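First the structure, in the form of structure tokens, and then the observations on it.
No value in this document is a laboratory result; all are computed from the given coordinates. No experiment lies behind these values; they were computed from the predicted model shown. A quick note on method: Cβ atoms are made from the backbone with ideal geometry, for glycine too, and the neighbour counts reach across all protein chains shown.
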């Protein structure tokens with residue numbers, strides 16, 4: 001039996017979150033209709049906390065690389081370190097890319113680095129899959145495999161706790177009274193759930209014919225100059241940028257300067273979206289991506305051509321958020337199918 | 001947070017001098033509180049604190065450490081406001097970013113420089129860098145085109161450049177002439193002649209508006225330059241300067257850290273490079 005597995009009851013876990021709330025900002029997922037949202041841990045709303053289920057609506061980057069981060073001048077709100085519980089495999093796997101962008105290269109982003117270093121990330125296994133889930137096609141799984149400090153696997157009224165880092169171990173050691181050792185039977189129950197949800201995702205992938213990373217390799221490059229194909233993909237795009245903003249691997253940002261009321265000359269790092277017309281435009285008026293289809297193509301090029309080339313990584317975790325967020329019903333899986341097959345197969349419902 | 005390590009932070013700089021080059025181009029000489037060391041062709045971000053910033057390549061000699069020149073056309077939100085800045089005002093500056101011109105690859109060759117409009121700004125820094133060690137280069141040739149005689153930048157200086165060394169040649173043309181102009185009239189491509197350069201032992205360096213860069217490149221190929229000997233300034237929408245914000249990507253490169261100067265062989269197959 002691996003010694004890094006424990007178990008904790010749901011009640012004890014919430015007591016622990018309550019105690020941790022003094023020193024930490026503790027965020028957990030709440031059910032709201034069919035969706036899950038991260039919000040501050042509130043013992044009064046314990047019944048709505050869902051530490052299982054599927055991915056939350058907010059991508060995990062919202063907490064480490066927030067939509068608007070003050071990076072210069074004016075005072076920052078003094079805030080406690082973050083504990084984010086309930087993070088799914090399709091979000092955690094995005095750290096390979098976010099860390100690459102913000103921590104590696106010649107220059108580290110110190111704001112990202114601080115947020116990343118201070119946060120305790122607690123993963124959870126998915127307990128079911130949705131039709132838009134395709135993590136397995138993107139070399140992922142419906143349970144955390146990497147980039148978590150602790151992981152919770154929901155088993156009836158308790159959780160199996162896996163310890164992955166020293167940060168996670170310290171938390172267990174400090175609150176050892178809440179945790180019992182897990183036994184092989186617990187691990188077996190966890191693995192049965194993992195296999196069941198993985199099979200569910202595989203089933204969704206098979207039914208739609210969703211392409212995997214092996215099939216996608218080279219597909220963007222091969223079709224790059226088929227303008228009509230890209231125009232077809234972009235025909236219902238309203239360039240709202242939702243696909244960019246909800247995407248756990250999208251990392252682009254702009255720098256925004258403003259004078260505050262107190263006359264601080266602030267600078268912010270704010271999420272940007274490559275679907276916006278002005279994204280690559282320069283002051284002189286030149287714009288390498290004047291047309292909407294070029295901007296949609298750019299999104300796919302960045303994810304399925306650029307990052308495979310520079311990082312050997314397909315920059316999609318299969319979370320499915322962009323599919324759910326798109327008001328134009330553009331389905332990334334269908335675009336990839338179109339690219340691999342070299343033609344645009346309109347989905348059956350159109 | 002250690003402010004020194006903040007890559008988005010700027011150093012304050014005093015504007016020491018402002019020269020009106022043309023109706024919409026000014027050269028600012030600034031003195032940063034802490035000297036910034038750069039190589040010709042690298043760029044920096046100039047900030048109007050609390051308003052915004054924009055990327056520019058210094059136009060001064062990189063051997064001068066205490067001050068920096070920036071030649072700036074009023075084109076967008078930040079540059080319009082920069083043009084209102086006066087001697088004594090404070091701006092912010094951060095950088096340098098990018099790789100700069102690979103001078104080691106230019107040595108012992110004829111350096112064939114083609115500029116258009118305000119694109120002469122980074123080339124002025126390059127020219128000064130070449131003049132610093134003029135005997136290292138076989139020839140230094142400048143071909144410069146401006147829209148009209150009134151649009152020529154560094155008017156006072158250009159003539160003096162020819163006197164820097166015996167093997168310096170300069171030639172200017174304007175797209176449209178006027179009564180004051182006795183020089184060449186025609187696009188810059190009309191003064192790029194096979195006879196004026198030994199293409200087998202030369203490098204070409206081009207900076208100017210996108211449409212000019214495109215036709216100059218085609219002309220250079222036409223007179224026999226190799227793809228890998230044509231150095232192009234691809235000044236995209238460089239924002240962060242450190243390869244993170246995503247704006248200036250060209251194919252597998254970020255202009256801010258892998259450029260902004262690229263040889264044509266590296267980018268010729270990438271889409272929309274001239275837009």
>> Cut-off is 10 Å between beta-carbons; in what order do A:38, B:218 appear when sorted fewest neighbours first?
In response: B:218, A:38
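In which sequence would A:224, A:128 go, from the one with the fewest C-beta neighbours within 10 Å to the one with the most?
Working: A:224 17, A:128 14.
Ranked by crowding around the Cβ, least crowded first: A:128, A:224.
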> How would you classify the protein assembly as shown from its alpha-carbon gyration tensor, with a ≥ b ≥ c the square roots of the eigenvalues: rounded for a/c under 1.5, else prolate if a/b is greater than b/c, otherwise oblate?
Replying inline: prolate
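Go ahead and run the numbers for FRET between residue A:191 and residue A:47, Cβ-Cβ distance against an R0 of 30 Å, rounding to 0.05. Let's see the in-between values first.
Working: r = 28 Å, r/R0 = 0.94.
It comes to 0.60.
Where does each of A:336, A:82 land when they are ranked from fewest to most other beta-carbon atoms within 10 angstrom?
Working: A:336 25, A:82 16.
The fewest-first ordering by Cβ neighbours comes to A:82, A:336.
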>> Explain nothing, just the number: relative contact order of the stretch B:11-97, from Cα pairs under 8 Å at least 6 residues apart, as a whole percent.
In response: 40 percent
> Given Cα pairs under 8 Å that are at least 6 residues apart, what percent is the relative contact order of the stretch A:83-198?
Replying inline: 28 percent
> Taking R0 as 30 Å, what's the FRET efficiency between residue A:238 and residue A:114 from their Cβ-Cβ distance, rounded to 0.05?
Replying inline: 0.25
>> Once you order the gyration tensor axes a ≥ b ≥ c over the Cα atoms, which shape class does the stretch B:11-97 get: rounded for a/c under 1.5, otherwise prolate or oblate by comparing a/b with b/c?
In response: rounded
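Which of rounded, prolate, oblate describes chain A, given a ≥ b ≥ c as roots of the alpha-carbon gyration tensor eigenvalues and a/c under 1.5 marking rounded, otherwise prolate only if a/b is larger than b/c? Can you show the working numbers first?
Working: a/c = 2.12, a/b = 1.29, b/c = 1.65.
Oblate shape, in that a/c is at least 1.5 and b/c is the bigger or equal ratio.
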> So what is the calculated 222 nm ellipticity per residue for the protein assembly as shown, using -39500 (n - 2.57) for each DSSP H run with n of 4 or more, over all residues, to the nearest 500 deg cm²/dmol?
Replying inline: -7500 deg cm²/dmol
>> For chain B, give me the percentage of DSSP beta bridges that are antiparallel, rounded to the nearest 5 percent.
In response: 55 percent
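Per residue of A:275-283, count partner chain C-beta atoms within 10 Å of its C-beta, then hand back the mean as an integer. It would help to have the intermediate numbers written out before the result.
On the way: counts 0, 0, 0, 2, 3, 9, 5, 12, 11.
The shielding value for this peptide is 5.
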> Under a plain spin-label model, where a point goes 7 Å from the Cα along Cα-to-Cβ, how far apart in nm are residue A:270 and residue A:157?
Replying inline: 5.0 nm
> Measuring from label point to label point, each 7 Å out along Cα→Cβ, what is the residue A:68 to residue A:22 span in nm?
Replying inline: 3.4 nm
> What percent do you get for the relative contact order of chain A when only Cα pairs under 8 Å and 6+ apart count?
Replying inline: 20 percent
> What fraction of the DSSP beta bridges in the protein assembly as shown is antiparallel, stated in percent and rounded to the nearest 5?
Replying inline: 65 percent
